[in-house]
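Single-structure report; data block below.
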Amino acid sequence: MISTVTVNWADVGPILPELLLISIGVLLIGLDLFSPRQRQILPWLTVVGCLTALAMIMGSRPSISFGGMFLTDGFSVFFKSICLVGVILTTLMSEHFRRIIAMPQGEYYSLLVFSAVGMLIMASAGDLMVLYLGLELMALPVYALVGLHKKENRTSEAAIKYFLMGGFASALLLFGMSLVYGLTGTTDIGRIGELINSLHLTNNPALLAALSLLLAGFCFKVAVAPFHLWTPDVYEGAPTVVTAFMSVGPKVAGFAIFSRVLFFGLPQLHDHWGPVLAVLALLTMAVGNITALCQQSLKRMLAYSAIAHAGYALLGLLAGTTEGISATMTYLFIYMFMNMGAFAILMLLATPGQPHESIEDCKGLAARSPIAAALMLVFLFSLTGIPPTAGFIGKFYLLKAAFAAGYTMTVVGAVLFSAISAYFYLRVVRYMYMTDPQQNSTLQYSPGMIVALGLCLIGVVGLGLFPGSLLDWAARALL
Amino acid sequence: MIPLSWYMALAVVLFCIGVCGFLTRRNVIVMFLSIELMLNGVNLNLVALSHFLESLRGQTFTFFIITVAAAEAAIGLGIAIALYRSRRTVHVDSLNQLKG
């Protein structure tokens with residue numbers, strides 16, 4: 001029997017931002033190939049494309065399209081905004097960084113854009129299938145981005161480590177998904193929650209096995225201990241600009257699917273996943289903060305700090321309350337600005353042929369370039385969580401949410417590890433302000449870098465002083 | 001009629017062989033093959049469940065997994081070639097420049 005398929009064009013509306021970004025990605029490759037002399041416009045084209053997509057997403061109305069597979073709700077809009085702003089900041093920095101490392105331009109920007117499409121799809125996924133496809137669409141370009149700078153020996157090592165670990169994590173995740181499908185007969189995340197209730201599956205051993213596989217897969221993706229072992233190596237080996245991107249984009253998108261599945265799909269199992277995540281969050285903060293203490297490379301220190309911050313962000317998720325999820329969302333938004341800012345300063349220090357990634361290279365930065373040192377100071381204070389920077393606001397609401405949900409010991413641990421983290425963040429500040437410079441070259445700023453640093457500063461200081469609108473937005477996103 | 005549990009047991013066995021291979025083997029290509037084996041365990045699981053649940057979602061999912069695995073292979077082998085060009089080996093124990 002031949003049946004005709006009618007296309008419901010109303011469904012296409014919500015995915016227009018993704019379609020726009022896909023066409024921008026193809027256009028970037030085409031421009032790079034056919035008009036190599038115009039390569040300097042590629043970053044600006046990327047920024048314009050992402051800004052347009054961001055405007056479209058902010059203006060979109062809540063909808064459920066493709067039979068519940070693609071959701072445009074407040075939750076997805078919030079995560080999509082973080083991801084797109086992250087991509088825009090990365091692009092602005094890349095315009096500076098390409099003077100230091102000559103990476104292929106067209107491929108670089110289009111991979112960035114394709115990865116952004118993957119993140120948008122992850123944030124909107126209402127079905128395990130779409131979630132998996134978005135995840136892989138995000139991850140595959142990032143594997144390539146890590147290994148794109150082939151002249152350096154370290155990058156291919158970082159790329160293969162990232163690739164193998166990512167593939168392994170995806171396989172674990174998929175097996176968990178197949179078990180969930182077998183138990184409930186559906187892959188729709190919202191329906192799974194309902195069916196678990198109606199079929200009384202809450203204590204089913206197979207479902208718990210599926211939950212542990214899912215947790216392991218997600219923890220790999222957002223670099224939560226004990227599944228974090230790939231992170232420091234990959235972050236150190238990748239070009240700094242890609243590291244900055246990876247520590248924000250894929251991590252935030254990972255948290256989007258993590259909270260989507262646990263909070264919207266498996267809320268009945270909170271008694272099982274809440275305590276597990278509490279232990280993992282404590283372990284992550286311990287591993288990240290304590291290992292960061294003994295790092296000599298600033299880049300590797302920031303990698304461990306990124307691991308520790310994944311632990312903090314888990315605090316909101318493990319609470320399993322609306323308040324907790326919105327605290328995690330707020331924190332991720334703030335984390336993007338402060339982490340990107342710190343990596344931007346690291347990029348400023350680099351010169352062609354000499355990465356200058358060690359903490360020693362910060363010595364006397366205040367004498368060489370007072371502005372860069374002051375900015376780094378603000379970003380590091382924010383990463384530590386010192387008021388009045390935004391980092392404090394973010395951490396405060398996370399701790400409040402976890403405390404309200406009854407995880408007192410985890411909160412105590414988080415505060416202690418936060419105090420420990422002050423040591424290694426402020427050590428950099430001491431090197432910048434209280435030692436003599438080892439070299440006298442001044443730092444070069446490109447227009448893109450100035451804009452990126454300005455945005456990060458506005459984000460960190462502005463959200464620290466006036467957090468109201470962000471908190472409102474995050475709270476409204478879950479209604 | 002072969003019962004569902006047999007298929008699922010085979011899927012679990014395949015998946016576990018993949019996990020063991022990934023954790024014990026030291027050659028990048030063999031580790032990658034182990035991941036493929038894990039994915040095929042998942043595929044078998046999904047297809048069997050889809051047949052017994054009489055729902056097409058599982059089979060659709062399998063198609064997507066196969067497609068993505070192909071794309072993943074292209075990228076993974078590309079990275080492996082880049083690695084071989086710089087190191088003349090694809091042995092994991094030689095990947096020791098990044099540590100700390």
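The values are calculated or read from the model by the stated rules, or taken from the named source; none is laboratory data. None of the values given here were measured: they were computed from a predicted structure. Cβ sites come from the backbone with ideal geometry, for glycine too, and all protein chains shown count toward neighbours.
Things worth noting here:
- The sole residue among A:213, A:207 that is within 13 Å of another protein chain (Cβ to nearest Cβ) and over 18 Å from residue B:98 (Cβ atoms) is A:213.
- All positions within the range A:364-390 that are buried (at least 22 other Cβ atoms within 10 Å of the Cβ) and at positive phi: A:385
- Test: residue in the range B:8-16 that is free of Cβ contacts under 8 Å to residues at least 24 places away in the same chain, under 19 Å from the mean Cα position of the chain (by Cα) and within 7 Å of another protein chain (Cβ to nearest Cβ): no
- Within the option set A:193, A:185, being surrounded by fewer than 22 Cβ atoms within 10 Å (Cβ to Cβ), without any contact (Cβ under 8 Å) to a residue 40 or more places away in the chain and small (Gly, Ala, Ser) holds for one residue only, A:185.
- Any hit, the range A:148-155, residues being within 30 Å of residue A:449 (Cα to Cα), more than 7 Å from chain B (Cβ to nearest Cβ), touching a helix residue (DSSP H, G or I) at 6+ places or on another chain (Cβ under 7 Å) and part of a loop (DSSP other than H, G, I, E, B): yes
- Boolean, residue B:22 is within 9 Å of chain A (Cβ to nearest Cβ) and either outside any helix (DSSP H, G or I) or within 30 Å of residue A:155 (Cα to Cα) (or both): yes
- Exclusive hit being within 10 Å of chain A (Cβ to nearest Cβ), part of a helix (DSSP H, G or I) and modelled with pLDDT under 95, set B:29, B:81: B:81
- In the range B:84-96, of all residues being part of a loop (DSSP other than H, G, I, E, B), surrounded by fewer than 14 Cβ atoms within 10 Å (Cβ to Cβ) and at negative phi, the one that is farthest from the other protein chains (Cβ to nearest Cβ) corresponds to B:89.
- When we screen A:166, A:190, A:176 for residues that are within 25 Å of the chain's Cα centre (by Cα) and within 30 Å of residue B:87 (Cα to Cα), the only hit is A:166.
- Qualifying residue in the range A:179-194 (condition: modelled with pLDDT under 95, in a helix (DSSP H, G or I), under 23 Å from residue A:85 (Cα atoms) and more than 10 Å from chain B (Cβ to nearest Cβ)): no
- Selection status of residue A:60, surrounded by fewer than 24 Cβ atoms within 10 Å (Cβ to Cβ) and either modelled with pLDDT of 90 or more or assigned to a helix (DSSP H, G or I) (or both): no
- Any hit, the range B:37-49, residues being within 7 Å of chain A (Cβ to nearest Cβ), closer than 24 Å to residue A:166 by Cβ, touching a Lys or Arg at 6+ places or on another chain (Cβ under 9 Å) and free of Cβ contacts under 8 Å to residues at least 40 places away in the same chain: yes
- Among the candidates A:121, A:100, residue that is in contact (Cβ under 8 Å) with a residue 12 or more places away in the chain and more than 25 Å from residue A:15 (Cα to Cα): A:100
- For beta carbons closer than 8 Å, sequence separation of 6+ or different chains, a first residue in the range B:54-67 that is over 15 Å from residue B:38 (Cα atoms) and more than 9 Å from chain A (Cβ to nearest Cβ) and a second that is surrounded by fewer than 19 Cβ atoms within 10 Å (Cβ to Cβ) and hydrophobic (A, V, I, L, M, F, W, C), the qualifying pairs are B:59/B:47.
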